[in-house]
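J.: I'd like to ask some things about the structure below.
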Amino acid sequence: MATGRKPRPPAAPPPAAPPLERGRSTRYKIIEQTARLCTERQGAELSVAEIADAAGVFPNQVTYYFGSKDSLLVHAAFLGLLHDAKGIESIGPRSVNAASFRTDIARAVLTLPSLPAGISRPALAPVVEKHLDLLFRQSERYLRRLVRERGWRLDRDPAAEARTFWSAALGAVLLARAGAADAAAGLDLAGILTVRDP
């Protein structure tokens with residue numbers, strides 16, 4: 001006997017992630033896998049097909065999201081550098097005094113495997129500038145916090161301190177990778193920092 005009620009339609013599948021969210025996720029996955037490949041195979045030439053395969057995407061998605069492989073490599077290099085820079089922040093709290101901090105942080109930065117050297121293409125300047133700005137701001141926040149927590153002082157503004165320090169570190173890496181054998185060894189990166197005990 002019929003009750004007069006219509007049968008209920010089957011439940012709808014759960015909604016997919018919004019396109020913008022999926023795009024961000026795909027973009028980050030590509031950058032992350034490229035950074036991993038660059039770390040694992042330092043100096044090796046990576047193909048778009050290898051990168052796409054590692055990220056589980058199609059090769060055309062690499063160029064869709066980044067415009068070129070070179071642009072993607074810059075993004076990946078800075079992702080690695082930002083992760084490494086965050087990792088060396090533990091040096092400040094462990095340092096006995098400001099002088100040991102200057103020496104230890106300089107030594108650690110100059111040995112970071114993630115310091116990018118191939119970032120000088122004019123077409124990639126906006127990408128590089130965006131990532132450098134992020135690195136400088138992250139370092140400035142770190143310096144402000146460290147000075148406040150340790151009671152140390154700076155002889156210049158933290159923003160200028162961070163920008164000067166990273167500019168010298170990147171310059172040393174560029175010189176060393178260009179063949180100037182003692183570029184990093186001859187640089188007093190610790191002397192660039194003005195962090196002082198009170």
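J.: Residues that are buried (at least 19 other Cβ atoms within 10 Å of the Cβ) and among the β-branched types (Val, Ile, Thr): list the helices (runs of 4 or more DSSP H) wholly contained in region 31-138 that include at least 2 such residues.
T.: Details: elements: 48-55, 59-66, 69-87, 91-94, 98-110.
The helices (runs of 4 or more DSSP H) meeting that bar are 98-110.
J.: Which condition number in (1) touching a Leu at 6+ places or on another chain (Cβ under 7 Å); (2) at pLDDT below 85; (3) under 22 Å from LEU72 (Cα atoms) is the one that ALA184 fails?
T.: ALA184 satisfies every listed condition except (3).
J.: Could you check region 139-168 and list, in sequence order, the residues that are part of a helix (DSSP H, G or I) and among the charged types (D, E, K, R)? Spell out how you get there, then give the answer.
T.: Residues of region 139-168 part of a helix (DSSP H, G or I): 139-150, 158-168.
Within region 139-168, GLU140, ARG141, ARG144, ARG145, ARG148, GLU149, ARG150, GLU161, ARG163 qualify.
J.: Contact list please: Cβ distance under 6 Å, first residue in region 60-87 and farther than 15 Å from ALA125 by Cβ, second residue outside any helix (DSSP H, G or I), pairs at least six apart or on different chains.
T.: Matching pairs, first to second residue: GLY80/SER114; LEU81/SER114; ASP84/LEU112; ASP84/SER114.
The values are calculated or read from the model by the stated rules, or taken from the named source; none is laboratory data. Since we're looking at a predicted model, the values are computed, not measured. We place every Cβ from the backbone using ideal geometry, glycine too, and count neighbours over all the protein chains shown.
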